[in-house]
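The values are calculated or read from the model by the stated rules, or taken from the named source; none is laboratory data. This one's a predicted model, so the numbers in the text were calculated from it and none came from an experiment. Reconstructed Cβ throughout: ideal geometry from the backbone, glycine too, with neighbour counts over all protein chains shown.
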Amino acid sequence: MSEITEQQRRHSAAHLMARAVMNVFDDVQVDIGPATDDGFYYDFDLPHRISPEDFPKIEAEIARLIALDEPFVRKVVSRAECEAMLAGQKYKLERLADIPEGEDISTYAVGDYVEMCRGPHVEHSSQIGVVKLTRVAGSYYRGDEHNKMLQRVYGIVAKDQAEMDAIVERAEEAKRRDHRRLGVELDLFHLDPEDPGQIFWHPRGWSIYVTLQDYMRRKLVKDGYMEVNTPALMPRSLWERSGHWDHYKANMFITESEKRIFAVKPMNCPGALEIFKSRTRSYKDLPLRLAEFGHCARNEPSGTLHGIMRVRGFVQDDAHILCTEDQIEEEVAKFCRLLKDVYSDFGFDKNLLVKLSTMPEDHVGEVATWEHAEAALAAACKASGLDYEIQPGEGAFYGPKLEFTLIDALGRPWQCGTIQLDYQLPSAERLNAEYIGPDGKKHHPVMLHRAVLGSLERFIGILIENYAGAFPVWLAPEQARVLPVSGKANEYAYKVRDALAAAGLRVEVDDTAEKLGAKIRAAAVQKVPYQVVVGPRDEAAGTVSVRSRTDGDLGAMELAAFVDRLVKETAN
């Protein structure tokens, strides 16, 4: 028996959940039920409104079906046979109609339940393990808000109960770290249902945003980048020439002015090329590294939006490198060093995963050019000392790419960084960017699209959950809070605040009438790294009593010494 994969177990569990729901409730219509990165789900249409109170009886039925140890049996059938198998299941029959005439139809049966499916599955139901349902949500049929909303039930699977207990504990910890909850509790941002996919940053959240952006600016200057800014609104003609109009129009916000069509930019690359083309370039100008914190807008379906992780308006730490073919390997290696350096500063330097995404079906350009580009990117990756795995068909329509996935404190993967090798956009057939070579002739540069953090909004969401809202001192929106023991110490508290602020630190004073214990608790809830308690004795001695979020009570120290300590910690 071959080794069972997580994908097989999750996919098989989805089939058994569908079967269990049909056994427990009447008049059930089923749609689709795929495996996901952390479990599975299934979409149902039935008169009964499924709630968490129903989960125990559904789980009990799933457990009974698992214990039957029935085989998953694959069979390729004709269209007529499949229609007979799915009789009465309208959603399944509509999905069947999507399959082209003459194409094989793969089915899997387990007991009396039959499903159109390519697999793979476990061999017998007992190999699934333990199943737990986690939540139920609404989901429009085929993801179209004009269609009926179905009930989507989510679940997870484990090999045994011990593993399930560990998974549940991680899930509970993930809930405690949820950036949407912490964003409100820490007063970082809010999301308005009247303006879906847009973020309203509050002062504390914007402090994190600006600090992160300034940090990246310092890294970029050090690495030889020049920062640019391009228009948010660009004409249809530009998007047509770049190829985005044919491949990305559905995700663009489009408007009209003076009988001309414009689109809010969903990405920054055409703008960077327009800057490159604005004057005659020489091979001596290359590589030209143009960085842009460009605000982009993408018309994502409302059902796919998720806090600040997936939004409609966002800013990328974007950059485009125009170079010669001979410079590709060096530039990719240079980028990889920058990415590893940045991720290390956030504690993400362990277990970095790299994937090479190759030519998709809807690619532009010649296959030979794509093969050459993929080989060049693979060679550059190896030269950087990075192992990678192939991700077939997942490249951008204009070129292959490397994708970098970091692992957070809960062991969850997040794909953030990317570098894409593009021969297409600078070509004569697209945006026709040129430079004068050493031979005095015109040549087209190669374009590298790259981002380290990706969307700043999404990366901040990752940081919120990774740190559980307890940001490192350099990034914390409030690095210290001064707590006067009584009103008599308020004046000295502000002198302490001013000394810290003069050193470039972010500090507040809690001069409310609350007792000291309440002030300490409030600062702890806000996850402020340092609490600075001051009273009349501290004023007389020129000291402060310091409590660290990580190291506990540090006792009294001279104000100048504390300022020096905090400045050094922030710098490091």
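Quick grid of which residues meet (1) outside any loop (DSSP other than H, G, I, E, B); (2) aromatic (F, W, Y); (3) over 27 Å from V473 (Cα atoms); (4) in the same structural domain as G385 (by TED's automatic domain parsing):
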residue	(1), (2), (3), (4)
C296	yes, no, yes, yes
E300	no, no, yes, yes
Q316	yes, no, no, yes
D326	yes, no, yes, yes
A333	yes, no, yes, yes
L338	yes, no, no, yes
F348	no, yes, no, yes
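Collect the residues in segment 279-325 that are among the aliphatic types (A, V, I, L, M), more than 18 Å from the chain's Cα centre (by Cα) and crowded, with 20+ Cβ neighbours inside 10 Å, keeping them in residue-number order.
To start, the set of residues in segment 279-325 that are among the aliphatic types (A, V, I, L, M) comprises 286, 288, 290-291, 297, 305, 308-309, 311, 315, 319, 321-322.
So of that shortlist, the ones also more than 18 Å from the chain's Cα centre (by Cα) come out as 286, 288, 290-291, 319, 321-322.
Result: L286, L290, A291, A319, I321, L322.
Of the residues that make up segment 51-67, is at least one in a strand (DSSP E or B), among the polar types (S, T, N, Q) and either in the same structural domain as S12 (by TED's automatic domain parsing) or touching a residue at least 12 places away in the same chain (Cβ under 8 Å) (or both)? Break it down stepwise before answering.
Just the residues of segment 51-67 that are in a strand (DSSP E or B), to begin with: none.
No, segment 51-67 has no match at all.
Given the conditions (1) surrounded by fewer than 23 Cβ atoms within 10 Å (Cβ to Cβ); (2) aliphatic (A, V, I, L, M); (3) outside any loop (DSSP other than H, G, I, E, B); (4) in contact (Cβ under 8 Å) with a residue 40 or more places away in the chain, which single one is not true for V473?
(3)
Restricting segment 374-402 to residues that are hydrophobic (A, V, I, L, M, F, W, C) and assigned to a strand (DSSP E or B), which is farthest from Q420 (Cα to Cα)? Full working, then the answer.
Taking segment 374-402 and keeping what is hydrophobic (A, V, I, L, M, F, W, C), we get 375-381, 383, 386, 390, 396-397, 402.
Remaining after also requiring assigned to a strand (DSSP E or B): 390, 396, 402.
Details: I390: 14, A396: 8, L402: 6 Å.
Checked segment 374-402; the qualifying residue farthest from Q420 (Cα to Cα) is I390.
Determine if segment 99-111 includes at least one residue that is surrounded by 12 or more Cβ atoms within 10 Å (Cβ to Cβ) and within 30 Å of the chain's Cα centre (by Cα). Please lay out each step first, then the result.
Initially, segment 99-111 is screened for residues surrounded by 12 or more Cβ atoms within 10 Å (Cβ to Cβ), giving 99, 105-111.
From what is left, the residues that are within 30 Å of the chain's Cα centre (by Cα) are none.
No, that holds for no residue.
In segment 190-214, what residues are in contact (Cβ under 8 Å) with a residue 60 or more places away in the chain and in contact with a helix residue (DSSP H, G or I) (Cβ under 8 Å, 6 or more places away or on another chain)?
As a first pass, look at segment 190-214 and keep what is in contact (Cβ under 8 Å) with a residue 60 or more places away in the chain: 191, 196-199, 203-205, 207-209, 211-213.
Answer for segment 190-214, where residues must be in contact (Cβ under 8 Å) with a residue 60 or more places away in the chain and in contact with a helix residue (DSSP H, G or I) (Cβ under 8 Å, 6 or more places away or on another chain): L191, P196, G197, I199, G205, I208, Y209, L212, Q213.
Restricting to segment 119-135, name every residue that is under 15 Å from T36 (Cα atoms) and assigned to a strand (DSSP E or B).
The answer is V131, K132, L133, T134, R135.
Taking only pairs six or more apart or across chains, which ones have beta-carbon atoms under 7 Å, a first residue in segment 220-245 that is farther than 27 Å from V332 by Cα, and a second residue that is surrounded by fewer than 13 Cβ atoms within 10 Å (Cβ to Cβ)?
Taking only residues 6 or more apart or on different chains, the pairs are P235/R260.
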